[in-house]
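*Asks:* Please see the structure below; I have some questions.
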Amino acid sequence: MSRSRDWALYVVMAAVYLFLLAPLIVVIGASLTTSAFLEFPPRGVTLSWFGEVLEQEMWTTTLWVSIKLAAVAMVIAALVGIPCSVALARGSFPGRAVITAAVLSPLMVPSIVLAISLLVIYSRSGIEMPFWRLALAHGVLTAPYLIRTLTAALEQLDPALEEAARNLGATPLVAWLRVVLPTVRPALIAAMFFAFIMSFDELVVALFLSGPQLTTLPMQIYGEIQYKLSPSIAAVSTLLIVITVAGVLAIERSLGVRRLIR
């Protein structure tokens, strides 16, 4: 009976993993097709669509725009999120629960609502720089993910470590840089990496706040899907999958993914 239960559990786990991996398998397979349209299973195997993607300026340009935008948004989220996380984890003040809920509210508000709200604010304030409008919006959108992750790590950190450093003569800044930061560094790296990915993948906010002179990679993919179903779209998606997996493997090799998610 126990062995049957174990086999049933293995079958369920395999089905779940297959369900999660199926979209990736379909995208990778469609990127290798010899057909001129997206289809799965592929008719043949070719890498020509990857060459076409790398040769077309619209893909490389929008990729670079998305990378720069995600990097700036990640820095903004860190500049806002690190002090906020320290205050929420270490501070004891009236209304702490209300402030925590307000800080984390972008996690619960739909992206389209946030996009419309920011569009109204930008229109009234007269801000006309699409890149920085979008970077600030992505920073607001991704900061709660960083705050939530870093706050949880700081709450698990023993305050006695920081107090010991203070008793030995360290200033609050030195205690933070030499004791607290190295201890929570894996969580901080995980939070910043997550903020980068969330910004890089964001589409709804970009559709509302970007102008005709600024196009991100998700916007380019969305536009291509609307007008034509070329396998080059699947090729771009496959390249993004490879880059993401390579990034995760690099973090695992240097710090360990399990340490980052604790």
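Throughout, read-outs are computed from the coordinates displayed, never taken from laboratory work. Since this is a predicted model, take the numbers as computed values, not measurements. Here the Cβ is made from the backbone with ideal geometry for all residues, glycine too, and neighbour counts use every protein chain on show.
*Asks:* What is the ratio of the Cα radius of gyration of the range 127-262 to 2.2 N^0.38 Å, where N is its residue count, to two decimals?
*Replies:* Normalised Rg, Cα atoms only: 1.39.
*Asks:* Then there is this: Under a crude label model (7 Å from the Cα following the beta-carbon direction), how far is TYR222 from VAL248 in nanometres?
*Replies:* About 2.5 nm separates the two model spin labels.
*Asks:* Which net charge results for the neighbourhood of ARG90, defined as the other residues with beta-carbon distances under 15 angstrom from its beta-carbon, given Lys and Arg at +1 and Asp and Glu at -1?
*Replies:* Local charge sum for ARG90: -2.
*Asks:* If each Cα of the range 67-124 is one equal point scatterer, what is log10 of I(q)/I(0) from the Debye formula at q = 0.14, 0.24, 0.27 Å⁻¹?
*Replies:* -0.56, -1.09, -1.11
*Asks:* Can I ask one more? Around SER111, what is the net charge, scoring Lys/Arg as +1 and Asp/Glu as -1 over all other residues with Cβ under 12 Å from its Cβ?
*Replies:* Charge balance near SER111 sits at -2.
*Asks:* Can you give me the Kirkwood hydrodynamic radius for the chain, using every pair of distinct Cα atoms, in Å to one decimal?
*Replies:* Taking every pair of different Cα atoms in the chain, averaging 1/r and inverting gives 21.3 Å.
*Asks:* Would you be so kind as to identify all helices of the chain, as entire DSSP H runs, whose Cα atoms reach 18 Å or more along the helix's own axis and whose mean Kyte-Doolittle hydropathy is at least -0.5?
*Replies:* Answer set is 2-31, 57-90, 111-125, 130-156, 181-201, 231-254.
*Asks:* Given the range 26-155, what whole percent of its Cα pairs are spread farther than 20 Å?
*Replies:* 63
*Asks:* Can you tell me which of 184-196, 9-21 comes out highest on packing, and rank the rest after it, using the mean Cβ neighbours within 10 Å?
*Replies:* The packing order, highest mean first, is 184-196, 9-21.
*Asks:* Looking at the calculated P(r) for the range 135-181, what percent of the C-alpha pair distances fall above 12 Å?
*Replies:* Above the 12 Å cut-off, the range 135-181 has 66 percent of its Cα pairs.
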